[in-house]
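Take a look at the structure set out below.
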Amino acid sequence: MPPTVETFAEYAALMPTQAFLIGILVFFVLTIALTGVCSVVLWCYMFVWLDHHFKSAKPKEFFL
């Protein structure tokens, strides 16, 4: 059975909802990706800082 005008109207009525859901999905994917990138950068910075601190500290200053 070929699609009718009513079928296209139903699809057109669904489109804003689908676009909204896709927008939310993209937002969450980008948020998770950005959080992961920031987390990796902060971990790397922390390890570099700790490495620098332990190299320049005297043994009794390690835990200060």
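Readers should treat all values here as calculations from the given coordinates under stated rules, not as data from a laboratory. All figures in this text were calculated on a predicted structure; none of them were measured in a lab.
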Self-check item: Residue-span extension gain [C44 to M15] - 0.36 nm each, minus C-alpha spacing
Solution: 6.1 nm
Quiz item: Just from its helices, what would the mean residue ellipticity at 222 nm be for the chain, if runs of 4 or more DSSP H residues each count -39500 (n - 2.57) and the sum is divided by every residue, rounded to the nearest 500 deg cm²/dmol?
Solution: -30500 deg cm²/dmol
